[in-house]
Number of protein chains: 4
Amino acid sequence: MDFSSDTSAPAHPAVIEAIGEANTGQASSYGADHTTLALESRLKAIFETDDLAIWPTASGTAANALALSVICPSTHSILCHSDAHIEQDERGAPEFFTGGAKLHLIDGANGKITTSDLQSVLATVDERFVHAVPPAVLSLTNLTEWGTVYTPAEIGELVKLAHGKGLKVHLDGARLANALVTLRVSPAELTWKVGVDVLTFGLTKTGAMGCEIIVFFGAAADTIGALKARAKRSGHMPPKLRYISSQGLALLENGLWLDLAGHANAMATAFSKRLLELPGASLITPVEGNEVFANIPGDLAERMLSSGWTFYPWPGGGYRFVCAWSTQIEDINAAFSAL
Amino acid sequence: MDFSSDTSAPAHPAVIEAIGEANTGQASSYGADHTTLALESRLKAIFETDDLAIWPTASGTAANALALSVICPSTHSILCHSDAHIEQDERGAPEFFTGGAKLHLIDGANGKITTSDLQSVLATVDERFVHAVPPAVLSLTNLTEWGTVYTPAEIGELVKLAHGKGLKVHLDGARLANALVTLRVSPAELTWKVGVDVLTFGLTKTGAMGCEIIVFFGAAADTIGALKARAKRSGHMPPKLRYISSQGLALLENGLWLDLAGHANAMATAFSKRLLELPGASLITPVEGNEVFANIPGDLAERMLSSGWTFYPWPGGGYRFVCAWSTQIEDINAAFSAL
Amino acid sequence: MDFSSDTSAPAHPAVIEAIGEANTGQASSYGADHTTLALESRLKAIFETDDLAIWPTASGTAANALALSVICPSTHSILCHSDAHIEQDERGAPEFFTGGAKLHLIDGANGKITTSDLQSVLATVDERFVHAVPPAVLSLTNLTEWGTVYTPAEIGELVKLAHGKGLKVHLDGARLANALVTLRVSPAELTWKVGVDVLTFGLTKTGAMGCEIIVFFGAAADTIGALKARAKRSGHMPPKLRYISSQGLALLENGLWLDLAGHANAMATAFSKRLLELPGASLITPVEGNEVFANIPGDLAERMLSSGWTFYPWPGGGYRFVCAWSTQIEDINAAFSAL
Amino acid sequence: MDFSSDTSAPAHPAVIEAIGEANTGQASSYGADHTTLALESRLKAIFETDDLAIWPTASGTAANALALSVICPSTHSILCHSDAHIEQDERGAPEFFTGGAKLHLIDGANGKITTSDLQSVLATVDERFVHAVPPAVLSLTNLTEWGTVYTPAEIGELVKLAHGKGLKVHLDGARLANALVTLRVSPAELTWKVGVDVLTFGLTKTGAMGCEIIVFFGAAADTIGALKARAKRSGHMPPKLRYISSQGLALLENGLWLDLAGHANAMATAFSKRLLELPGASLITPVEGNEVFANIPGDLAERMLSSGWTFYPWPGGGYRFVCAWSTQIEDINAAFSAL
C-alpha cells in the first residue's frame, strides 16, 4: 500500500479522457489555443472574478518559482515558514528564478506562521538599511506542509500585516482543494477576498498528470506579460499547452476536483482513526486534509515496511502518510489488517 | 490549412494511448518510475551504446538550456549559428540557465556553420585574455533552422575543431528524426559516433504531446547528477514523469518516430513541388526535411492567407511552410487547388 | 614608451593629494560621507541640473553593468555597437549584473551606430512575440571604441529613435572628457540635454586611480535606491567611499579633468602626425580623442616593439596607440626618433 | 567619539604614503603589475607557504562573495552562523555571485558554531535527495561577528567535519589580525594548517583604505583562473590594481598590521573596563578583539548619545562599540569622563 505521496497516484480517468479529446486537429501554440482560453474562463467563474490572469504549468516548483519571480526583486527576500516546500523541497528554485533573492524563514507550530511572529519579523525591517535584504513577499501554504489549514480569517490577518509593509502575498496551493473541502469555504474566500495576490493553484496532487496554474488576482494580474516572458525563458511555455490546460478543465468540471479532494481527506481521516488504535501511535498535527503526520514506535514502522507499506519518515521527526483520490477504504483496512 | 508549425499538430494516437496505459496504479515520482527506466533502455538500443544518460523534459527550450547549462560555465560562451533556435526563439533561456553565458553568433548559408568560419572564430580565442568571454560549447542544429541537413561528415569536422580547442558539442535535435530520414543514417552515426557530447532529442515535433529528451554521451554522462539538480531547480522534474517518458516510449517503438518523420518529409517535398509550379515562387533553401522556405510574390501570399492558409513570414525574408506527421497529401492538394 | 592604454598611466598628483586630505578623522561609511555629498554637488554644477543622482565606483565595468542592470530587465536586451566595451572587454558583466539579458550587436563604421541601422533593428521589434528578446536599452559609447566622437546632434537622433520605442539610453563615457574637449560642448549638451538617461562618467582614464561615476538623469534618478541595493550586493559599496569620491572631486576642480583630457588629445594628434610620416602608416579612423588606430607595416611594428614601445594589435585589424594625461611630447618625439 | 565601526576610521598614514609611492610611471593593468606581484610574495612569506594564490579586492563583500562563488555551485548551499556577515550585511551578495546558492544558517553562542551543531546539520545531508539543497561550503568568521575568537583547534575540528563530507572551508577574516593578536598564533596556524581552503584576508578594518585579499590555499589555488574571470565579470578587476595592492604591502611590512590590530584590541579592552564601572553595564560576549558587545541601561545609552558618542544598537539586543587603530586612550577616557 502506497502512502508515500499524492504525487505517486495515477491521474483521474477524466484527465486522460480530456487529453484524448483535446488531441484533435491543429491548435495554436504557446497558450493561444481554445483549451487554455476555456480554462481561463472556467477559473474566472470558480474564483468569482474577472480580475485575474493565469498561466498553466506542469510543475508546482515551476509555478511557485515563476510566480515569486515577478513579485520579488533579486535584491529582496521572501518570508515563509521554515518547513515551506519552497524552502525544503525545490532545490533552490525560488533563488534561481528570482536571480538570488533570499528566503527568510519563520518557525511556527503546525506548519503555520502566527501573526505575532510575522509582526516581529516585519518590525525589524528597515528599507533604508541597504546592507540587509528586505522582504518583498510573504509566501503561505494552504494546506500547510504539516497537513493543517489556515482559515480565511487567519490568512486575512497575515495578509493585512504584509500589505501594510508593502509586501505582496503568494499562496502555495498545491493542496488548495483539500483545504477548501475542510474549511467549507469558496475558492474566492480563501484567496483574493482575503488579499492573496498570487496563487499557485495545484491540481496535480488532486488528480492531474501535471497541472499547476499560476493565478494572479487584481493589480498583480498586470504582471502577466512579465510572467509569460519568464515562462518562455525557463522552458515553461510548451508549444502544445492545450494538453496541460485540458487537464485543468477536466478536473474543474462539475466540482470533480473538490469531490476528489474530499475523498482523499476522508481517507486520511479514516487512516488516522485506524492508526490511533495501534499502541504507541499519536498524531503530531491534527488531520485537516489528506495527510497524516504521526509518531509511531520503531517496531511498528518496521512492521509496516515489511508488510509492504510505502511512506516516509519526516524531517523533524515522525512519519507522513498521504492519501490520494485513488486511495480506497478497503485497501486501507486491508493494509492495517495485514500488520 | 495549417502550415505554421509542426508544433501545432496534435499528438499521434499512439502517444495518447500510451499515456492512458501508463496511468495505472501508483508509481515512483521524479524519474524513478519503470516507464522512465524503460525509455532509457530503449534509447540505449536506438543509439547502440550503453554509455549514455538521459533526462526527459516536456520542452525543447528547457532541454536545450538545461543541457547547455551543465557544459558551459557562466563565464564562458556558446558558439552557434546566428539563426539558431537558442538565439532567436528561446527568450534568453540559455543565458538564464547558464547564469549569464553569452551566445557567440556565426553566420552561414542554409543555416549551417562552415568549418572555415568556425576555424576563424576559434583562432581568435585566447583563454588568458580575461576580458573576453571564451567559448566552452559549440551548439549545432540538425535539421537546421533553415530546413537543411548537416551530414555526419560535416558534423564530424566541426566537432573535431571544437574538441581541439576544448569545447563540448551540443546538438539541438528538435527535428533529428527528419534529418535521419533524409540522410539515411543511424542515430548513432549522426551523434556520438561523430563526437556529439550532448543531444536534445526532440520528439514533440515528430508527434508527441511534449517530449524532448536530453541525452548525454560518453564522458558527458557524468554530468547527469548536476543536470538532475538543475532540472529540479528549474521545475523540470515533474513528479509524474512517467507521462513524459511514456510518450517517448510509444514513438520509439517499431520505428514509429522515423515513419512519422518520413511522412512529414515527403509531405514537404510534395508541397514544395506544388509551390514551385506557381509563378514567382522559388526556394530559399533546399527542402531536406519537413520544412519549406520560399520566396513568393506578395499577392500570392495574400491569396494563401485569404484562402485560409496559416504560415509565417520568416525573419530575414520569405516564408516558412511546415508539414507534420498529420499533414495529408489530399489536404495539400486541396489547399493549392483552392488558391 | 607605453602607448598600451590610458589605464596604465599613474594617477594625477592632485588625486593622490586629495586622498591624503580626505584621510582625516572618522567619516560615515557607505556613501553618507561629506566627500561623496560634495561630489554630488559638484556634478550638479558641472551638468547644470539638480535633477540627477549619482553613485561612485572604482571600476568602469562595474559602473556600466550596474547602470544597465537597473534599466534592463533580465528578459530583455541591450542594443550596442559590435565593438562596444560592454560586449568585447567586460567578460560578460552586463549579462551577470542583469541576470542574463542579451546584448544585441549593431555594426557600424568608426565605432558608431547610424540612425538608419538603429531604425532597421527597432523596426523588427515586436514586444508581443514572447519568444524573442526585445530591447530595453540603447547603449552608446563616446569617445567610441574606435577613438571617434558622436556629436550631440547624432546622439540626440539616436536617443529619439530609442525613446520612441520605449528604450532607455545609456552612455558609456569612459573617455567622455576626451569627447567633450574635441566637440567643444558642455557636459550637459552631450548627455541629458540630448536625452541620455544614464551615464557612466569615467575619470580613471582621465587621471584618477579608480573613479567611475554612475549618473542618472531626470526620471532615471528614481532608480537610485535600486542601484544602491545592487551596488552593495555586488561589492561596489566600499565602506570608505570617501577615497573614491575625493578622486572625482580633485579632478573636477577648476576644470582639471578637461585640461588633462585636452592634453591627452593633443598628444594623440601629435603622435598621429609623426606616425603618418612613416612609410606605409595610415589611420584606420580619424583621431578625435586620445587614441590612434592605425595600419602599419609588419616590420615597422616589429621595430617599435624592439625599440621598447608598448601597444596592442587591435581585434579587427591594425594597432591602437593611446596617449594619457601623463604622456609628454618629448617622450613621443624621442620614441619616434629611436625607431 | 566614534565607536560605530572600524570602517569609519581613516587609513593609516603608511597606506596613503604607499599609494603615493606606487603612483610613478606606467604600470601593467589588471593585476600584472609589480606591486601586486610583490604583495603575493609578501603573503607567501607571511603564510609560510608558496602553495597559495591571491586576488586583491577593495571590498570585503566582494572578496567573500567571489571566494564563495568558485567553491559553491549554484545548486548547493553554504553553511554559516546565523549572524554571519555574509548572511546579515551583504545584501545577498553570496546568492548573487553564486547564481542563487542558499545560505544554511546555524545558531550558536558567542557567534560561534559548535562541532556538535555542525555534526547534526551534516548528518541530515543526503546528496541523492535531489529536492534539497546540499551544502558545498562551510564559512566561518574569525574574529566572529560577536567579537570572539575561534582557536586553531576549534577551527581544525570544524574543518575536519566539513572536509569529511566533501565541503570546502571559507574563512571570513575581515578582522583576522585582531584574532591573531589575541590568540598569539601565526597566520598559517589559524588558516591552512588547520585546513582552511579559502581566506578573505581583510585589511580595511585594520587600517587600509580598501584592501581585502582573497587567498586560496593548496588545491583551492587551482581555481584562481576561474576567480579572475569572475572578478573581471563583476567589476573587481580594476585596471590600476597597484593602488589596492600597495595598501596591503604597506600594512604587511614589519608587522604594522599586527601592531595596529593589537592597539585596537587594547583599546577595546580598556573601553570595556571603563564601561563595566558604570552601573547596569554588562558584557554580552567576552572581549577578544577590538569590539565590545554590552548591555547597558537605556538612560545610559541616551547619555552617551547626547554626549556625542556614535555607536549602534545590535540586532538581537545590546550595543556594539568598536575601537580602531586610530582610537586613542585619552579620547576614550575623555569620552567616559564627559558622560
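The values are calculated or read from the model by the stated rules, or taken from the named source; none is laboratory data. Note that the structure is a prediction, hence the values are computed from the model and not measured. Here the Cβ is made from the backbone with ideal geometry for all residues, glycine too, and neighbour counts use every protein chain on show. These area figures cover heavy atoms from the full protein model, side chains too; ligands, DNA and RNA do not enter into them. Shrake-Rupley method; radii C 1.70, N 1.55, O 1.52, S 1.80 Å.
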Would you pick out the residues in region C:4-15 that are assigned to a helix (DSSP H, G or I), open to solvent by 10 Å² or more (accessible area, probe 1.4 Å) and in contact (Cβ under 8 Å) with a residue 60 or more places away in the chain? C:Ala14
Verdict on D:Ala162 being within 22 Å of D:Thr61 (Cβ to Cβ) and either modelled with pLDDT of 95 or more or open to solvent by less than 10 Å² (accessible area, probe 1.4 Å) (or both): no
Please go through region C:90-109 and pick out each residue that is assigned to a helix (DSSP H, G or I) and acidic (Asp, Glu). C:Glu95
One residue is enough: does region B:232-248 have a residue meeting the conditions in contact with a Gly (Cβ under 6 Å, 6 or more places away or on another chain) and more than 8 Å from every other protein chain (Cβ to nearest Cβ)? yes
Examine region B:184-191 for a residue that is in a helix (DSSP H, G or I), away from chain C (no Cβ under 14 Å) and farther than 23 Å from B:His76 by Cα, and state whether such a residue exists. no
Could you go through region D:89-107 and let me know if any residue there is more than 11 Å from every other protein chain (Cβ to nearest Cβ) and at pLDDT 95 or above. yes
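Do we have B:Glu302 as open to solvent by 10 Å² or more (accessible area, probe 1.4 Å) and touching a residue at least 12 places away in the same chain (Cβ under 8 Å) here?
Details: open to solvent by 10 Å² or more (accessible area, probe 1.4 Å): yes; touching a residue at least 12 places away in the same chain (Cβ under 8 Å): no.
Criteria not met by B:Glu302.
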Out of region A:238-256, which residues are at pLDDT 95 or above and open to solvent by less than 10 Å² (accessible area, probe 1.4 Å)? A:Ser245, A:Ser246, A:Gln247, A:Gly248, A:Leu251, A:Leu252
From the list B:Gly262, B:Gly308, pick out the single residue that is surrounded by fewer than 20 Cβ atoms within 10 Å (Cβ to Cβ), on the phi > 0 side of the Ramachandran plot and not polar (S, T, N, Q). B:Gly308
If you go through region C:192-230 one residue at a time, how many are over 16 Å from the mean Cα position of the chain (by Cα), open to solvent by 10 Å² or more (accessible area, probe 1.4 Å) and within 14 Å of another protein chain (Cβ to nearest Cβ)? 6
If I go through region B:110-152 residue by residue, how many of them are in a helix (DSSP H, G or I), free of Cβ contacts under 8 Å to residues at least 40 places away in the same chain and either within 18 Å of the chain's Cα centre (by Cα) or surrounded by fewer than 16 Cβ atoms within 10 Å (Cβ to Cβ) (or both)? 3
Can you name the residue in region D:70-88 that is within 9 Å of another protein chain (Cβ to nearest Cβ) and hydroxyl-bearing (Ser, Thr, Tyr) and, of all such residues, is nearest to the chain's Cα centre (by Cα)? D:Ser77
Which residue pairs have Cβ atoms under 7 Å apart, sit 6 or more places apart or on different chains, and have a first residue in region A:277-292 that is closer than 19 Å to A:Thr327 by Cβ and a second that is crowded, with 17+ Cβ neighbours inside 10 Å and of a type in the set (Phe, Trp, Tyr)? A:Leu283/A:Phe293; A:Val292/A:Phe271; A:Val292/A:Phe321
From B:Val125, B:Val130, residue being more than 24 Å from C:Ala62 (Cβ to Cβ), within 14 Å of another protein chain (Cβ to nearest Cβ) and at pLDDT below 95: B:Val125
Identity of the residue in region B:24-54, within 14 Å of chain A (Cβ to nearest Cβ) and among the hydrophobic types (A, V, I, L, M, F, W, C), that ends up surrounded by the most Cβ atoms within 10 Å (Cβ to Cβ): B:Ala27
Against the conditions (1) open to solvent by 10 Å² or more (accessible area, probe 1.4 Å); (2) more than 14 Å from chain B (Cβ to nearest Cβ), where does A:Phe271 fall short? Just the number, please. (1)
The residue from A:Glu21, A:Glu87 that alone is within 30 Å of C:Ala226 (Cα to Cα), part of a helix (DSSP H, G or I) and open to solvent by 20 Å² or more (accessible area, probe 1.4 Å) is A:Glu87
Please go through region D:168-177 and give me each residue that is open to solvent by 10 Å² or more (accessible area, probe 1.4 Å) and either within 12 Å of D:Leu190 (Cβ to Cβ) or assigned to a loop (DSSP other than H, G, I, E, B) (or both), ordered by number. D:Ala174, D:Arg175
In this structure, is B:Gly235 within 20 Å of the chain's Cα centre (by Cα) and on the phi > 0 side of the Ramachandran plot? no
Single unsatisfied condition, D:Met1 versus (1) closer than 17 Å to D:Thr327 by Cα; (2) open to solvent by less than 30 Å² (accessible area, probe 1.4 Å); (3) touching a Phe, Trp or Tyr at 6+ places or on another chain (Cβ under 6 Å): (2)
Restricting the first residue to region A:312-331 and requiring it to be among the acidic types (Asp, Glu), which pairs with a second residue that is open to solvent by 40 Å² or more (accessible area, probe 1.4 Å) meet a Cβ separation below 8 Å and a spacing of at least six or different chains? A:Asp331/A:Met1
Name the residue that is surrounded by the most Cβ atoms within 10 Å (Cβ to Cβ), counting only residues in region B:55-66 that are polar (S, T, N, Q) and outside any helix (DSSP H, G or I). B:Thr57
Per-region count, region B:227-265, residues free of Cβ contacts under 8 Å to residues at least 40 places away in the same chain and among the aliphatic types (A, V, I, L, M): 1
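Report whether or not C:Gly255 is more than 10 Å from chain D (Cβ to nearest Cβ), of a type outside the set (Phe, Trp, Tyr) and closer than 30 Å to C:Glu288 by Cβ. Quick ask: steps written out before the conclusion?
Numbers: more than 10 Å from chain D (Cβ to nearest Cβ): yes; of a type outside the set (Phe, Trp, Tyr): yes; closer than 30 Å to C:Glu288 by Cβ: yes.
Spelling it out, C:Gly255 is indeed more than 10 Å from chain D (Cβ to nearest Cβ), of a type outside the set (Phe, Trp, Tyr) and closer than 30 Å to C:Glu288 by Cβ.
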